[in-house]
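The values are calculated or read from the model by the stated rules, or taken from the named source; none is laboratory data. As the structure is a prediction and not an experimental result, all values here were calculated from the model. Don't worry about glycine lacking a Cβ; one is built from the backbone with ideal geometry, like all the others, and counts go over all protein chains shown. Quick note on the areas: whole protein, heavy atoms, side chains included, nothing else; ligands and nucleic acids left out. Shrake-Rupley method; radii C 1.70, N 1.55, O 1.52, S 1.80 Å.
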Amino acid sequence: MRTLLLVRHAQARTNVEDAISSTPPGAGLTPRGIEEAVALRTELAERRIDVAVATRLMRTQETLEVALAGRNIPRVVLPELDEIRFGSFEGGPLERYRAWAWSHPPDAPCPGGGESRPEAAVRYADGLEALLARPEDVVLAVSHSLAVRYTLDASDGIFPAARVPSVGHATPHELPAAAVARAAETLRAWAAAPTFTDEPPLV
């Protein structure tokens, strides 16, 4: 892989409900989400894309279906880029998980068999390295807000923060292979000795 186009899925029904959904297949897109995916199709119309990657969650797969409608591009599912597993918070309000996450250290086990944030970071690094190993030059990958934010920050050598700004829906972020490799390396380094240094909340 030479270039990664990394995108958060378009708006899903659970986004409107502010509900947690990390267990496949999850909810699909809203009418607004479909419009966002159509806009993404227009934005990518002239871009070369050799392979498209989604997660196991329906919202990423539907985003690809709409964004790539009419284009004969191979599609792959990569579970390593799935949403962080929320354990006992699954199906509940996102605010309840945030309250727990913001008051616990990064390596605290998520109740109910969910993932800690370092565990998710290592999984994301695995996914990025799997993309780097692909033979295609240009990869379009649709993932989730935390995975995209962690990757974008880590590509600049920035460790994950306790509170991270959300990523906009259906907006492509272009990363060269070297930046993707740096992101994977940074996430692994942080996960080996995870700490949070951010103080002010980001909303």
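How many angstrom lie between the C-alpha centres of segment 182-197 and segment 41-99? Centre-to-centre distance over Cα atoms comes out at 24 Å.
Using the heavy atoms of the protein chains alone and a 1.4 angstrom probe, what is the accessible area of the chain per residue in square angstrom?
Working: 9110 Å² over 203 residues.
Here the per-residue accessible area is 45 Å².
Give me the percent of the accessible area of the chain that comes from carbon and sulfur atoms, probe 1.4 Å, all protein chains in place. Exposed carbon and sulfur together represent 53 percent of the surface. The protection proxy used here, the mean number of other Cβ atoms lying within 10 Å of each residue, ranks peptides 118-126, 169-177, 1-9 as follows, highest first: 1-9, 118-126, 169-177.
How large is the charge dipole for the chain, taken about the Cα centre, if only the Cβ atoms of Lys, Arg (+1) and Asp, Glu (-1) carry charge, to the nearest 20 debye?
220
Over segment 1-114, the reciprocal of the mean inverse Cα-Cα separation, the Kirkwood hydrodynamic radius, stands at 15.4 Å. Taking the inverse of the mean reciprocal distance over all distinct Cα pairs, the Kirkwood hydrodynamic radius of the chain comes to 17.0 Å. Working from Cα positions, state the angle (0 to 90°, nearest 10) between the long axis of helix 31-44 and the longest principal axis of the chain. Roughly 60 degrees between the two axes. Summed over qualifying helices (DSSP H, 4 residues or more, each -39500 (n - 2.57)) and divided by its residue number, the chain shows a 222 nm mean residue ellipticity of -12500 deg cm²/dmol. Could you point to the residue in Gly70, Ser166, Val142 farthest towards the positive end of the chain's charge dipole, with +1 and -1 charges on the Cβ of Lys/Arg and Asp/Glu respectively? Farthest towards the positive end: Gly70. Kirkwood radius and radius of gyration were both taken over the C-alpha atoms of segment 91-188, and their ratio Rg/Rh is 0.98.
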